[in-house]
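**Student:** Here it is, the structure in full.
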Amino acid sequence: MSGATVARRQAKGVATDRSVIEVMRSVPVPEPVLSRDREAELSNRQREILTELATIFDKGFMELTMADLAARLNCSLRTLYLLAESRNELVTMVIDRVLRGHGRAAHNAVAESMSALEAIRAYLHAANHAVSAVNPEFAADMAAIHEGLDLHEAHSAYLIDITRALLELAVERGELPASLNDVDTAAMARMLGGLGRDFARPEVLGTFRSGPATAANAMVDVVIDGLMARQRLEAQETAR
């Protein structure tokens, strides 16, 4: 076992007192497109519009103008421009709110009593579930605007950071197989946390027999179950 891994596991008396919930909450969240102060100032009608737009954008938005959106929403153009200066800004504002809702659901799927590895499984399963709602038209349109790419990059990076923080906790608690030595948690987190985003790419959507969310969750299970089985086997061999 390498010195870095030993050092992390020797910190057990302090670091491992943290719960999985505390570790997840310690990871900085991306800056919201719509600030909390601005959201608090929204009228009920403005909140309704943002909710309705999420349904409209889900089917693709590249051909829609602000005038088209105002007509569909039965509101004035002025109402939309008070929310955002452009169609793309409106898209990112709406989708950011949707992604944050998915993020809260993923956090809520984790129980404080879970092991770090089980927390990773529960968190990623819930996060990957959101992938199943993505259709190719929407994914292609988001990939075609730089605001969409930046937004997905920020949320994907956060998901990967959560996964890495939980992997670090697993190392500190001794939940990973000792034979992994100084495991590269950054690489493992990017692999596990990046599955949902990779499987949601426009050119990939629709190619899975089981669906993107089911496929991503199955791959997460392969890794987590493999790590747990290997750790149990090594513990049994050490006890002999």
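**Student:** Please tell me the relative contact order of the range 31-98 in percent, rounded to the nearest whole number, where contacts are Cα pairs under 8 Å and at least six residues apart.
**Tutor:** On the way: 26 pairs, mean separation 31.1, N = 68.
46 percent.
**Student:** Tell me the net charge near ILE224. Cut-off is 12 Å between Cβ atoms, ILE224 excluded, with +1 for each Lys or Arg and -1 for each Asp or Glu. Let's see the in-between values first.
**Tutor:** Values: positive: ARG121, ARG230; negative: GLU118, GLU175, ASP221, ASP225.
Combined, the nearby Lys, Arg, Asp and Glu give -2.
**Student:** Is the C-alpha gyration tensor of the range 124-240 telling us rounded, prolate or oblate? Criteria: a/c under 1.5 is rounded; beyond that, a/b larger than b/c is prolate, otherwise oblate.
**Tutor:** Details: a/c = 3.67, a/b = 2.02, b/c = 1.82.
It is prolate, given that a/c is not under 1.5 and a/b is the larger ratio.
**Student:** Which one of TYR81, TYR123, TYR158 has the biggest mean-square fluctuation once the chain is modelled by GNM with Cα springs under 10 Å?
**Tutor:** Answer for the Gaussian network model of the chain: TYR81.
**Student:** Express the relative contact order of the chain as a whole percentage, based on alpha carbon pairs under 8 Å and six or more residues apart in sequence.
**Tutor:** Numbers: 233 pairs, mean separation 70.4, N = 240.
Reported as a whole number, the value is 29 percent.
**Student:** Where does the range 31-98 land on the Kirkwood hydrodynamic radius, alpha-carbon pairs, in angstrom? Walk me through the numbers on the way to the answer.
**Tutor:** Details: mean 1/r = 0.0833 Å⁻¹.
Final number for the Kirkwood radius of the range 31-98 is 12.0 Å.
**Student:** Can you give the convex hull volume per residue for the Cα atoms of the range 89-167, as a whole number of Å³? Intermediate results must be reported in sequence, preceding the final value.
**Tutor:** Values: hull volume 6.4 nm³, N = 79.
With only Cα atoms used, the range 89-167 gives 81 Å³ per residue.
**Student:** Here's another thing I want to ask about it. Could you list HIS146, HIS107 in order of exposure, starting from the residue whose Cβ has the fewest other Cβ atoms within 10 Å?
**Tutor:** Details: HIS146 9, HIS107 16.
Lowest to highest Cβ neighbour count: HIS146, HIS107.
**Student:** Treating only the Cβ of Lys, Arg, Asp and Glu as charged (+1, +1, -1, -1), what charge dipole size does the chain show about its Cα centre? Round to the nearest 20 debye.
**Tutor:** On the way: 26 positive and 33 negative charges, 106 e Å.
The calculated dipole for the chain is roughly 500 debye.
**Student:** Counting each DSSP H run of 4 or more residues in the chain as -39500 (n - 2.57), what helix-only mean residue ellipticity at 222 nm follows after dividing by all residues, to the nearest 500 deg cm²/dmol?
**Tutor:** The helix-only estimate for the chain comes to -21500 deg cm²/dmol at 222 nm.
**Student:** Say we join alpha carbon atoms closer than 10 Å with springs in a Gaussian network model of the chain; which of LEU192, LEU42, LEU176 then has the biggest fluctuation?
**Tutor:** LEU42
**Student:** Let me ask something additional. Taking the range 42-81, which trypsin sites (Lys or Arg not before Pro) meet the DSSP loop condition and have no more than 15 other C-beta atoms within 10 Å? Can you show the working numbers first?
**Tutor:** On the way: sites: ARG45, ARG47, LYS59, ARG72, ARG78; in loops: LYS59.
Hits after loop and neighbour filter: LYS59.
**Student:** What ranking of ILE162, ILE145 emerges when the number of other C-beta atoms within 10 Å of each C-beta is taken as an exposure proxy, fewest first? Can you show the working numbers first?
**Tutor:** On the way: ILE162 27, ILE145 16.
By the 10 Å Cβ count, ascending, the order reads ILE145, ILE162.
Every number in this text was worked out from the coordinates using simple rules, so none of it is lab data. Predicted model only: the values in this text are computed from it and were never measured. In this analysis, Cβ positions are derived from the backbone assuming ideal geometry, glycine residues included, and neighbour counts consider all displayed protein chains.
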